[in-house]
């Protein structure tokens, strides 16, 4: 049974002082940048006023439709990993048995309509304290260099520079400056990107976050810098630790306004069999 009730800390409302909400989502449209390993985002009209009349679709084309009433609808085809999205626990596998967190093998728990457990339905809504660690700002650059890693040193610099504390249950968002180029295809889909290193991921995990996210394509630095490991941060956080991650988060406005902590709100879509969810996160202050 899908969970319908969730508890959150009422004292989180103390962050609401300005009555301002920051939209942290990329937006979605045909032709938008999508990582090459995933299918593109596509949208097509399915029903149109003229089409309904031409097809004599009952009851919109018969003599009873005196107001010439019709509607427009669409078909959307996309991966749940397009634009701003959360990775579900079943998204990442490793080992000879292709298993995800908890030892559930894709050979046994993957059906014709997606994973049979640990899918997007199991990603709870996030109503939590959010913390922005502006790594680019902390190290004195507008945008981190391609392939530049975020390790413990950079994370500690940001914590000290912005005088923030990291508490268990926080949503921690890392800014590299990468999304300042959104939605430039060439910039956004380059093979070499700044991001979180494995050592940085281990450092963050020790602080007990509920969610870790960043403003780049896959959270982690690319290339990974770890021999034989294409995405060690995904393997560690999602597959080994069971921690969902958030990617392609727009953080430019938060950084520009100097917002460091806030009430974070994100509601993943309850889609059976999905390995992630498109999401429109908000930072409320």
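The values are calculated or read from the model by the stated rules, or taken from the named source; none is laboratory data. All values reported here derive from a predicted model rather than from experimental measurement. Glycine gets a Cβ as well: all are built from the backbone with ideal geometry, and neighbour counts include every protein chain shown.
The residue of region 188-206 that is farthest from residue 82 (Cα to Cα), among those that are part of a loop (DSSP other than H, G, I, E, B) and touching a residue at least 12 places away in the same chain (Cβ under 8 Å), is 197. The one condition from (1) surrounded by fewer than 21 Cβ atoms within 10 Å (Cβ to Cβ); (2) in a strand (DSSP E or B) that residue 212 does not meet is (1). You will find that of 258, 242, 228, the residue that is touching a residue at least 40 places away in the same chain (Cβ under 8 Å) and either under 17 Å from the mean Cα position of the chain (by Cα) or not in a strand (DSSP E or B) (or both) is 242 and no other. Sub-7 Å Cβ pairs linking a first residue in region 136-165 that is within 19 Å of residue 191 (Cα to Cα) to a second residue that is surrounded by fewer than 16 Cβ atoms within 10 Å (Cβ to Cβ), at least 6 apart or interchain, are 146/190; 146/192; 147/192; 147/223; 149/225, ordered by first then second residue. Picking from residues in region 13-63 that are in contact with a helix residue (DSSP H, G or I) (Cβ under 6 Å, 6 or more places away or on another chain) and farther than 29 Å from residue 184 by Cα, the one that is modelled with the highest pLDDT is 60.
Rundown of residues vs (1) without any contact (Cβ under 8 Å) to a residue 24 or more places away in the chain; (2) touching a helix residue (DSSP H, G or I) at 6+ places or on another chain (Cβ under 7 Å), yes/no style:
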position: 186; (1), (2): yes, no
position: 208; (1), (2): no, no
position: 220; (1), (2): no, yes
position: 223; (1), (2): no, no
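Restricting attention to region 100-111, the residues that are farther than 22 Å from residue 124 by Cβ, in a strand (DSSP E or B) and touching a helix residue (DSSP H, G or I) at 6+ places or on another chain (Cβ under 9 Å) total 1.
Taken together, the residues in region 261-285 that are assigned to a loop (DSSP other than H, G, I, E, B) and closer than 25 Å to residue 112 by Cα amount to 9. Evaluate region 166-177: report whether one residue or more is surrounded by fewer than 20 Cβ atoms within 10 Å (Cβ to Cβ) and either in a helix (DSSP H, G or I) or under 16 Å from the mean Cα position of the chain (by Cα) (or both). No.
The set of residues in region 81-99 being within 15 Å of residue 268 (Cα to Cα) and touching a helix residue (DSSP H, G or I) at 6+ places or on another chain (Cβ under 7 Å) consists of 87, 88, 89, 91.
For region 100-116, a residue qualifies if it is surrounded by 14 or more Cβ atoms within 10 Å (Cβ to Cβ) and either more than 22 Å from residue 233 (Cα to Cα) or not assigned by TED's automatic domain parsing to the domain that holds residue 251 (or both), and the qualifying residues are 109, 110, 114, 116.
Yes/no per residue for (1) surrounded by fewer than 19 Cβ atoms within 10 Å (Cβ to Cβ); (2) in the same structural domain as residue 255 (by TED's automatic domain parsing); (3) modelled with pLDDT of 95 or more:
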{"position": "132", "(1), (2), (3)": "no, yes, yes"}
{"position": "135", "(1), (2), (3)": "no, yes, yes"}
{"position": "188", "(1), (2), (3)": "no, yes, no"}
{"position": "202", "(1), (2), (3)": "yes, yes, yes"}
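It is to be established whether one or more residues within region 121-129 are touching a strand residue (DSSP E or B) at 6+ places or on another chain (Cβ under 8 Å) and assigned to a loop (DSSP other than H, G, I, E, B). Checked region 121-129: at least one residue is touching a strand residue (DSSP E or B) at 6+ places or on another chain (Cβ under 8 Å) and assigned to a loop (DSSP other than H, G, I, E, B).
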